[in-house]
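Asker: First the structure, then my questions, so here it is.
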Amino acid sequence: MTETHTPSVHVEEHRFEAEVDAVLRLVINSLYSNKEIFLRELISNASDALDKLRFRSLTEEGLVPEGTTLGIRIEPDAAKKTLTIADNGVGMTKDELQKNLGTIAKSGTREFLARLEAAQKSDVSQIGQFGVGFYSSFLVADRVEVVSRAAGTSDAWKWTSEGQGAFRLEPATRDEQGTSLTLHLKDAHLDYLRSWEIERLVREYSDYLTWPIELKAEREGAETGAVYKRVNKGTALWQRSPKDVTKEQYEELYKHLSHDWQPPLAYKHFKIEGTTEFSGIVFVPSRAPFDLFSPEAKHGLRLHVKRVFVMEDAEEVLPKWLRFVRGVVDSEDLPLNVSRELLQDSRLSKTIRQQVVKAVLDLLTELAKRKDGEGAEGGAQDGDDYKLFWKTFGPVLKEGLHFEPDQAKKILPLLRYETSTREGLSSLFDVKSRMKEGQKELYYALGESRAQLLGSPHIEGLQKRGIEVVLMTDAVDGWAVQGIEDVDGVKLIDATKASADVGAEEAADASKKESDEGKTKALRDRMRARLQDHVSEVRVSSRLTSSPACLVLPEGGLPPHLERLLRSTQPEAKPPKRILEINPDHPLITGLAALIDKLGAGHENGGAEARIDRYVDLVHAQALLAEGSPPENPAELAKSFAELLTESVARA
Ligand code: ADP
């Protein structure tokens, strides 16, 4: 900071934070052909400032002087080539000017911008979410002056910048609280001084705002005082009847609420009348905010009471598993001075929350039903919008299965998964409709990717019989799936669990099972003893066809990928031991069983015992490898491989 002293003014010069420079560059490059949105952004900020002032004035008496009419004024000055947007809202203190217009407050911005810049993507729809609307003024202006006086104070400050690395702060005067932004327009953009152009922009982008937006008339002749003309209609959009609201108006409201610069993917306008009355609009964005999975990210709807804005991000009316939803609710019954605490215990906010959840799930259900017309096949083909929704927010929605089991029935038809027998995504109902004759249950397998699961021995028996397995590869699936009990009466069970008797229908032949168990008894005893530190049990399996063995989960056991995760983060953790299942028809197993029988019959030959131990270790190690888990002792395993290969090459 450098300070310049002149007899009458005291000007401080500050550098912008590095992020601001980056954002400015991005805004200017990417909005090159869409400059007019600057007015929408500045009016949107002014409206927020008025909302905040009105909210504070509910509890701070005298904050707004008697007789004040709150609103927004737009004042073009052709002679000076300036356009001023003034509000008498909360205003900003000197510190706030410096912080709000000199830094970018959201955490994570730096990393995000670095990525955007590295990708050389001037994609402004991504930066809108950081709250950078103000900087869009530099699209049309080469100098911006902001004079602001915070409500409840008497000092005013002026912030000035050319948008190039630095800004200046100096004391100023202002008659009332609020903020005036004066844009010194570039010569190429003097069109924005024309009344009809300003009126068009306000109607197009800001008509739904309830604060009066007035345009100063170009004065002619004698000074009779400024004349202002109201240019917006100003009834809250959610109060209107949906048939009187255009798609564009909904989209503008969404942009105002969300700071997203892209239109939403879908929206729903709802009104509840009866013992309690409220209305609202929920929006599903078309892309994820960068902090969708950050624990600090705010979520919630914007809450109004009888049209008065009372709270940003009201979490009480929107569950966390719908945190991607943006929107507004307006209650007729909540008190105006409603606080977070009051909302938390309020029966009313629970009712509102319920209706919001219903509106969102109804909206998603409609979206899922919306097909893309021609070429859609059966019921299984989603339209592009639903595909996009699912890809972007599916993992978040799944959290609802776990957190709100009451809603599971409604969430169920919205779920999509990859499966073992088809490319693309299917719903659980699709999979159910394709069940094989005689199949009694639906199967799923948890893992990292479809490719990894398709190679896993656990499901090879099911695959061989053409049974479709639901492949769950999202980090949330492991716990989310526990919220699904059945799909229309058919149980959904984990194919990698010991209790999943996946070969049962085929192995109805009890005598085969008995003889398999008899034939492998000595081998299994031997394996159990050798592997006692690694597995809890060794038993004959009917789920395997081409693999010699696999590891299955005991009740309460961790699926392999979660076990790997646990081991990597908590090496000392001891997850429950798994069960080794062997394939009684595999030549490796039958061969080993025969070898042990031979030894048992007394045909001892030197070194055979040690060799069997090594074979048993290898059977266990390859079961780990087959499911994608690292063997417990890779060096030892590599040595065994080399030795065995040497022997087999020598014999070849
Ligand atoms: P956003 O509005 O998305 O947060 P902006 O860059 O447009 O981001 O504005 C940054 C911050 O500056 C706002 O969050 C607000 O606190 C403050 N601000 C901007 N315009 C005004 C205004 N007219 N009155 C009061 N505060 C304002």
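The values are calculated or read from the model by the stated rules, or taken from the named source; none is laboratory data. Just so it is clear, the structure is predicted and the values come from calculations on it, not from any experiment. Here Cβ is always computed from backbone atoms with ideal geometry, including for glycine, and neighbour counts include all displayed protein chains. Quick note on the areas: whole protein, heavy atoms, side chains included, nothing else; ligands and nucleic acids left out. Shrake-Rupley method; radii C 1.70, N 1.55, O 1.52, S 1.80 Å.
Asker: Give Lys268/Lys371; Lys497/Lys574; Lys99/Lys229 a once-over and call out the pairs whose C-alpha atoms are over 26 Å from each other.
Answerer: Working: Lys268/Lys371 18 Å; Lys497/Lys574 18 Å; Lys99/Lys229 34 Å.
Cα-Cα > 26 Å for Lys99/Lys229; rest within.
Asker: Also, I was wondering about something else. In whole Hz, with x marking every Gly and Pro, tabulate ³J(HN,Hα) for the stretch 449-458 from phi via Karplus 6.51 cos²θ - 1.76 cosθ + 1.60, θ = phi - 60°.
Answerer: Those phi angles translate into 8, 4, 4, 5, 5, 5, x, 7, x, 4 Hz.
Asker: If I take every Cα pair under 8 Å that is 6 or more residues apart in the stretch 509-651, average their sequence separation and divide by the length, what percent do I get for the relative contact order? Walk me through the intermediate numbers first.
Answerer: Working: 140 pairs, mean separation 38.0, N = 143.
The value is 27 percent.
Asker: Using only the alpha-carbon atoms, what does the chain span along each of its principal axes? Please give whole angstrom values in decreasing order.
Answerer: That works out to 122, 60, 48 Å along the principal axes.
Asker: For Lys233, list the lysines whose Cα falls under 20 Å from its own Cα; do not include residues on the same chain fewer than 8 positions away.
Answerer: Hits, sequence-local ones excluded: Lys216, Lys243, Lys247, Lys255, Lys306.
Asker: May I pose another question? Quick query: amide H of Arg143 versus all other amide H atoms, modeled in the peptide plane; which residues come in under 5 Å with a sequence gap of 5 or more or a different chain?
Answerer: HN-HN under 5 Å from Arg143: His184.
Asker: Once you list every other residue whose beta carbon is under 9 Å from the beta carbon of Leu343, what net charge do they have if Lys and Arg are +1 and Asp and Glu are -1? Before the final figure, lay out each step's value.
Answerer: Numbers: positive: Arg340; negative: Glu315, Glu316, Glu341, Asp345.
Once all neighbours under 9 Å are counted, the net charge is -3.
Asker: Expressed as cubic angstrom per residue, what is the convex hull volume of the alpha carbon set of the stretch 374-494? Working shown, then result.
Answerer: On the way: hull volume 13.2 nm³, N = 121.
Looking at the stretch 374-494, the number lands at 109 Å³ per residue.
Asker: With point charges of +1 on the Cβ of Lys and Arg and -1 on the Cβ of Asp and Glu, referenced to the Cα centre of the chain, which listed residue (Val619, Pro264, Leu53) lies farthest in the positive direction of the dipole?
Answerer: Val619
Asker: Another question about this same structure. On the protein heavy atoms, probe 1.4 angstrom, tell me the percent of accessible surface of the chain carried by carbon and sulfur. Don't jump to the answer; show the numbers that get you there.
Answerer: Values: 15470 of 31080 Å².
That share works out to 50 percent.
Asker: Which value, in debye to the nearest 20, gives the size of the charge dipole of the chain about its Cα centre, when Lys and Arg are +1 and Asp and Glu are -1 at the Cβ? Walk me through the intermediate numbers first.
Answerer: On the way: 88 positive and 106 negative charges, 147 e Å.
My answer is approximately 700 debye.
Asker: Moving on to the next point. Karplus couplings for the stretch 299-312 from phi (6.51 cos²θ - 1.76 cosθ + 1.60, θ = phi - 60°), rounded to Hz, Gly and Pro as x?
Answerer: Rounded to whole hertz, the list is 8, x, 9, 7, 9, 10, 10, 6, 6, 7, 5, 10, 7, 8.
Asker: For the stretch 509-651, what Kirkwood radius comes out of the mean inverse Cα-Cα distance, in Å?
Answerer: Numbers: mean 1/r = 0.0614 Å⁻¹.
For the stretch 509-651, inverting the mean 1/r across all distinct Cα pairs yields 16.3 Å.
Asker: Quick one: net charge around Val64, please, counting Lys, Arg +1 and Asp, Glu -1 for every other residue with C-beta under 11 Å from its C-beta. Spell out each step's value before the answer.
Answerer: Details: positive: Arg54, Arg56; negative: Glu60, Glu61, Glu66, Glu176.
Every neighbour counted, the sum reads -2.
Asker: On to the next question. Taking the stretch 374-494, how many lysine pairs are there with alpha carbons less than 23 Å apart, if each pair must be eight or more places apart or span two chains?
Answerer: Eligible lysine pairs with Cα atoms under 23 Å apart amount to 24.
Asker: Return the ratio Rg/(2.2 N^0.38 Å) for the stretch 3-230, where Rg is computed over Cα atoms only. Kindly include the intermediate steps, with their values, before the conclusion.
Answerer: Details: Rg = 17.8 Å, N = 228, 2.2 N^0.38 = 17.3 Å.
Rg over 2.2 N^0.38 Å, computed on Cα atoms: 1.03.
Asker: Lys and Arg at +1, Asp and Glu at -1: add these up for the other residues within a Cβ distance under 13 Å of Ser547 and post the number. Spell out each step's value before the answer.
Answerer: Working: positive: Lys464, Arg543; negative: Glu460, Glu581, Asp585, Glu627.
Around Ser547, the surrounding residues sum to -2.
Asker: Over the stretch 374-494, average the accessible area per residue using a 1.4 Å probe and give it in Å², no decimals. Please list the in-between numbers first.
Answerer: Numbers: 5430 Å² over 121 residues.
Using a 1.4 Å probe on heavy atoms only, each residue of the stretch 374-494 averages 45 Å².
Asker: Shifting gears a bit: Using a 10 Å Cβ count of at most 15 others and DSSP loop calls, identify the longest part of the chain lacking such chymotrypsin sites (Phe, Trp or Tyr not before Pro).
Answerer: Working: sites that count: Tyr32, Phe293.
It works out to 294-652.
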